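What follows is one structure encoded as structure tokens, with my remarks underneath.
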Amino acid sequence: MSGETVRGRTAAGDTMPAVGVWVFPDAPAPELVDLARQVEGLGLDELWVGDEGPARDPFTVLAAAAVVTDRIRLATGITNPYVRHPGVTAASMLTIHELSGGRAVLGVGAGGQMSLAPLGLQASRPVQRMSEFLDIARAVAAGEPAAGYSPPDVAVTEAAAGGPLPVFIGARGPRLNRLASQRADGAFVSGMPPFRYRSVIRWARSVRSIDIALYPSVAFTAEAVERHRAEMIWGLLDTPPEVRDELGLDAAAVNAAAQAVRDGDPEPARRLVDDAVLERVMLVGAPSVVGSRLAALVREHRPASIGLALVQDDLSEGVDHAAEAFAAMAAELGGD
């Protein structure tokens, strides 16, 4: 895929979705900026960067990426309404929107324990806080007043970038996904087992048929599997109880394993997330295998974009493998 996008039309005439990758911001910031160049050079369409509390700041990384790329969408995946004032978050993303010539996407959700707990925060009243966030973010973008925001003369707006700033909501449960369907431009569906997608996407399309960015986690190598095994405990900690029940996991055991990880001992989490659990919560295998799984997800859910949440240490290798997987997906869909 050297520089060639996979977008186009299948044999059945359906539009091929945009493709991209999500990364956790624990790599050195210069590497993350170089990764944005690589994503664009391989013909992918978007890069989502997590917002994980005191990890590398995604807004800074995306601002740097904006000036070294020309085409890809640059997105937070996802920030939250608790760590920063919504007006500051909106202004930061609007600045990236301006730097990139209108390529930014503001992804926001309630946040999880990994991003909030180190700062002593909790995701209280998530639907109300998210609704307030949307009110203020839209007001900042439009240069209009709202409850909790009075625009000063120096405020940045989406007019500076020449176009609207898309807002996507990332959530696992029904209430926030229905809020997304009512008020957002799209839903970022990630951080959950694939068997959960059908319900989440149905909620996100319950009021309006908004765009879906579908991003399963992936492990292309045995090393990536072992790295992700203990880290998956965070997603299981924040997931709805019925998902843990489906996986046969006890909430107390998940909480105990997560506390052990905080204390520096990943072994209880590794034991809890065995191969049977891991293969149900992420895509595992060579790029050709992953590509076939992606094609099946595209056929079932018709997302506007589909991507892969990379968990391996070598992110550059992960992007190369992702590009191979997307090529395999496109080839399979092209024959439909």
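The values are calculated or read from the model by the stated rules, or taken from the named source; none is laboratory data. Values in this document were obtained by computation on a predicted structure and should not be read as measured data. Quick reminder, even Gly has a Cβ in these numbers, built from the backbone with ideal geometry, and neighbours come from all protein chains shown.
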Note to self: Please go through the stretch 296-329 and give me each residue that is part of a helix (DSSP H, G or I), hydrophobic (A, V, I, L, M, F, W, C) and more than 24 Å from Asp211 (Cβ to Cβ), ordered by number.
What the structure shows: Leu315
Item checked: Looking only at the stretch 45-69, and only at residues there that are in a strand (DSSP E or B) and in contact (Cβ under 8 Å) with a residue 60 or more places away in the chain, the one that is surrounded by the most Cβ atoms within 10 Å (Cβ to Cβ) -> Trp48
Notebook entry, point to check: For the stretch 278-287, does any single residue satisfy the condition of being part of a loop (DSSP other than H, G, I, E, B) and in contact with a helix residue (DSSP H, G or I) (Cβ under 6 Å, 6 or more places away or on another chain)?
Noted result: no
Next item on the list: State which residue pairs qualify: first residue closer than 8 Å to Ala137 by Cα and inside the stretch 85-99, second residue basic (Lys, Arg) in any location, beta carbons under 9 Å apart, and separation of 6 or more residues or different chains.
Entry: Pro86/Arg129; Ala90/Arg138
Note to self: Condition first: among the aromatic types (Phe, Trp, Tyr) and within 21 Å of Gly291 (Cβ to Cβ). Now tell me which residues in the stretch 190-235 satisfy that.
What the structure shows: Phe195, Tyr197, Tyr215, Phe220
Notebook entry, point to check: Looking only at residues in the stretch 155-205 that are part of a strand (DSSP E or B) and of a type in the set (A, V, I, L, M, F, W, C), which one is farthest from Gly107 (Cα to Cα)?
Noted result: Val189
Note to self: Just to check your reading of the model, which residue among Ile72, Ile78, Ile96 is surrounded by 22 or more Cβ atoms within 10 Å (Cβ to Cβ) and out of contact with any helix residue (DSSP H, G or I) (no Cβ under 7 Å at 6 or more places or on another chain)?
What the structure shows: Ile78
Notebook entry, point to check: Tell me, which residue of the stretch 88-118 that is of a type in the set (A, V, I, L, M, F, W, C) and within 19 Å of Gly191 (Cβ to Cβ) is modelled with the lowest pLDDT?
Noted result: Met114
Next item on the list: State which residue is surrounded by the fewest Cβ atoms within 10 Å (Cβ to Cβ) when the search covers only the stretch 182-192 and only residues that are more than 15 Å from Glu300 (Cα to Cα) and at pLDDT 95 or above.
Entry: Gln182
Note to self: Exactly one condition in (1) over 19 Å from His321 (Cβ atoms); (2) crowded, with 21+ Cβ neighbours inside 10 Å is false for Arg262; which is it?
What the structure shows: (2)
Margin query: Just checking, does the stretch 228-251 include any residue being of a type in the set (Val, Ile, Thr), touching a Pro at 6+ places or on another chain (Cβ under 8 Å), buried (at least 22 other Cβ atoms within 10 Å of the Cβ) and outside any loop (DSSP other than H, G, I, E, B)?
Written below: no
Next item on the list: Would you confirm whether any residue within the stretch 124-133 is assigned to a loop (DSSP other than H, G, I, E, B) and either aliphatic (A, V, I, L, M) or farther than 27 Å from Ser206 by Cα (or both)?
Entry: no
Notebook entry, point to check: Val105: outside any strand (DSSP E or B) and of a type outside the set (Gly, Ala, Ser), yes or no?
Noted result: no
